[in-house]
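Single-structure report; data block below.
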Amino acid sequence: MMRRIVLIALLASLPFAQPPAAVAQQRSGASQAAPQGARTTPAKPGEAQTAPEPTPPEPPAASYEKDLLRLSEIVGSLAFLRTLCSAPDATEWPKRMQALLETEGTTPARRERLAGAYNRGYRGYALTYWTCTPSAAEATLRYLQEGERLSRDLAGRYGG
């Protein structure tokens, strides 16, 4: 398994300036809409009002992010093609993607990107193929080779 590379985002503790439109509205006395998740009714006596917690900033992308997204797309393609061609390992591909999401999906945005790449690979072939054809079998072989190479390179360079 690849080890997660965790980077500390120093900007998380810095205050951010309000956007100019918000400052202009405050100066003009215009009321702003309550942020999503904020309380819109007054607090009961003795109850403290709490502001919604800001979402922490996304850490910078890992240096291997592009390869990991490509690998996710390949796994999605293989999940469809191996099932279409009735391969014995067809049920393994969604499980492999789940393991990848659990290991590398460190933030909701990153999980979304990985799942999106998987879905893009899956849907790309689901729209094209209804039966296992020689070209689907050839695509499967090419994806197996590329996926093996990517996995080996990622594990060799970034941990394993």
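The values are calculated or read from the model by the stated rules, or taken from the named source; none is laboratory data. These numbers come from a predicted model, not from an experiment. Cβ atoms come from the backbone with ideal geometry, glycine included; neighbour counts cover every protein chain shown.
What the table below lists for this structure:
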item: Boolean, Ser72 is part of a helix (DSSP H, G or I) and of a type in the set (S, T, N, Q); result: yes
item: Hey, Ala90 free of Cβ contacts under 8 Å to residues at least 40 places away in the same chain, surrounded by fewer than 17 Cβ atoms within 10 Å (Cβ to Cβ) and out of contact with any Cys (no Cβ under 6 Å at 6 or more places or on another chain) or not; result: yes
item: Meets criteria (within 30 Å of Pro59 (Cα to Cα), hydrophobic (A, V, I, L, M, F, W, C) and in a helix (DSSP H, G or I)) for Leu101; result: yes
item: Unique match (being part of a loop (DSSP other than H, G, I, E, B), at pLDDT below 75 and not polar (S, T, N, Q)) among Ala62, Ala48; result: Ala48
item: Residue count for region 104-159, restricted to those that are more than 19 Å from the chain's Cα centre (by Cα), part of a loop (DSSP other than H, G, I, E, B) and farther than 14 Å from Asp67 by Cβ; result: 7
item: Verdict on Ala90 being part of a loop (DSSP other than H, G, I, E, B), among the aliphatic types (A, V, I, L, M) and farther than 18 Å from Leu68 by Cβ; result: yes
item: Filter result for Ala79 (assigned to a helix (DSSP H, G or I) and touching a Cys at 6+ places or on another chain (Cβ under 7 Å)); result: no
